[in-house]
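The values are calculated or read from the model by the stated rules, or taken from the named source; none is laboratory data. All of these numbers come straight from a predicted model, not from anything done at the bench. No Cβ is skipped: glycine too gets one built from the backbone with ideal geometry, and neighbour counts run over all protein chains shown.
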Amino acid sequence: MRGQLPDFPWDALAPYGDTARSHPQGIIDLSQGTPVDPTPEFIQQVLREAANSPSYPVTAGTPELRAAIKKWAVERLGATGDFDVLPLIGSKELVAWLPTILESKKVLIPEIAYPTYHVGAVLAGAESIPVAIDAKSWPTADLAWLNSPSNPTGRVHSDAEIKACIDWSRTNKALLVSDECYLEFAQSAQPVSVLSHTGGDNTNILAVHSLSKRSSMAGYRAAFMIGDSALIARIREIRKHGGMMVPLPVQKAMTVALADDKHVAEQRARYNARKDALRPALEAAGFTIEFSNAGLYLWCTRNEDAWESVSWLAQRGILATPGSFYGSQGARHIRVAMTATDAQIADAVQRIKA
């Protein structure tokens, strides 16, 4: 590798975790976006029924799964025109390996971003360039990541901002990949897919989705991409040679999960209720909540070094993530995840108030 991988950020958080664990009532871990709510029973049932799976699965996905993804893309995302789909072994593996698969040389990532965008560029030996959301200011590159709703900020990008990203892709004949894994969790703003703005021309456009949060299936490693048919054909061929296949029981569970919206609405309500409970307690403690219009997180600042905020919460048995994990512009913010039970969130509220 031509670049050096960054230190794994959560290692630096470990001492604060020890402090939080020493609290008399124990730790409330709000540092990672790891779902804690049960996978819906109907999804578990399909997985159990498919447990006898002696044959290799198909990289391209079963006909039933492919049809379910395409139907969902049209009805939920507003996708039009020609497009293809491809299941993934979770979305993180695509983020980490797509620049390598495509032999990218220059990758644009959001200036406040999920760290794996940068890691993927490093693994590919590519140049990683943080950019603001205004695509009119972007330099030329092989690949650009768009993330709305954003992790960590919960920012929902406007239609005009998304269209400007598409214009950049077409002007530069470069790939635009929209990470839309939090799209189902609207609160004060309604996220939309990049695919709803292509006018049916999906050339050099990919959208990435995951069932990890939407359906509490993080342990299943279930995700998929949608977009440019020719590009997906190239990616699929490489993945076939690399043995990158979603297990068949997981594919069957994905198929039924995508056909049901009721459990998604219930999960969205859980996350939003937790944000509504925690927000006023943090504000009363001097934090300003910025963005956080959708997704699973509150993006907060007390206009102090992020580690001071992390330490203050850790002393109350609450572990949050410093914004510096997501780029230098997050150095005075923290990310607080709603991935704890309702009872734990209520306990966190009381600890902060105390």
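Of the helices (runs of 4 or more DSSP H) that lie entirely inside the range 1-72, those containing 2 or more residues that are under 25 Å from residue 225 (Cβ atoms) span 41-49, 63-72.
Of all residue pairs spaced 6 or more apart or on separate chains, those with beta-carbon atoms under 7 Å, a first member in the range 260-274 that is basic (Lys, Arg) and a second member that is at pLDDT 95 or above are 268/184; 268/185; 270/37; 274/338; 274/342; 274/345.
Of all residues in the range 121-130, one or more are modelled with pLDDT of 95 or more and either of a type in the set (Ser, Thr, Tyr) or touching a Cys at 6+ places or on another chain (Cβ under 8 Å) (or both).
Within the range 176-195, the residues that satisfy the criterion of being within 13 Å of residue 151 (Cα to Cα) and hydroxyl-bearing (Ser, Thr, Tyr) are 178, 182. Among the residues of the range 105-116, those identified as touching a residue at least 40 places away in the same chain (Cβ under 8 Å) and buried (at least 20 other Cβ atoms within 10 Å of the Cβ) are 110, 112, 113, 114. Would the range 338-348 turn up any residue that is closer than 30 Å to residue 67 by Cβ and touching a residue at least 60 places away in the same chain (Cβ under 8 Å)? No, there is no match, as no residue in the range 338-348 is closer than 30 Å to residue 67 by Cβ and touching a residue at least 60 places away in the same chain (Cβ under 8 Å). Taken over the range 80-114, the residue count meeting the criterion of being aromatic (Phe, Trp, Tyr) and closer than 26 Å to residue 9 by Cα is 2. Among the residues of the range 217-238, those that are surrounded by 22 or more Cβ atoms within 10 Å (Cβ to Cβ) and either farther than 21 Å from residue 181 by Cα or among the small types (Gly, Ala, Ser) (or both) comprise 222, 223, 227. Of the numbered criteria (1) farther than 30 Å from residue 18 by Cα; (2) modelled with pLDDT under 95; (3) of a type outside the set (A, V, I, L, M, F, W, C), the one residue 327 fails is (1).
The helices (runs of 4 or more DSSP H) found entirely in the range 197-300 that carry 2 or more residues being among the small types (Gly, Ala, Ser) and outside the structural domain of residue 99 (by TED's automatic domain parsing) are 262-284. In the range 137-149, the qualifying residues are those that are under 27 Å from residue 184 (Cα atoms) and not aromatic (Phe, Trp, Tyr), and the one that is surrounded by the most Cβ atoms within 10 Å (Cβ to Cβ) is 148. Across the range 318-347, the number of residues qualifying as among the hydroxyl-bearing types (Ser, Thr, Tyr) and more than 23 Å from residue 130 (Cβ to Cβ) comes to 2. Counting the residues of the range 37-59 that are surrounded by 14 or more Cβ atoms within 10 Å (Cβ to Cβ) and either within 30 Å of residue 313 (Cβ to Cβ) or touching a strand residue (DSSP E or B) at 6+ places or on another chain (Cβ under 7 Å) (or both) gives 2.
Just a yes or no: is a residue in the range 119-136 in contact (Cβ under 8 Å) with a residue 40 or more places away in the chain, surrounded by fewer than 16 Cβ atoms within 10 Å (Cβ to Cβ), of a type outside the set (S, T, N, Q) and out of contact with any strand residue (DSSP E or B) (no Cβ under 7 Å at 6 or more places or on another chain)? Yes.
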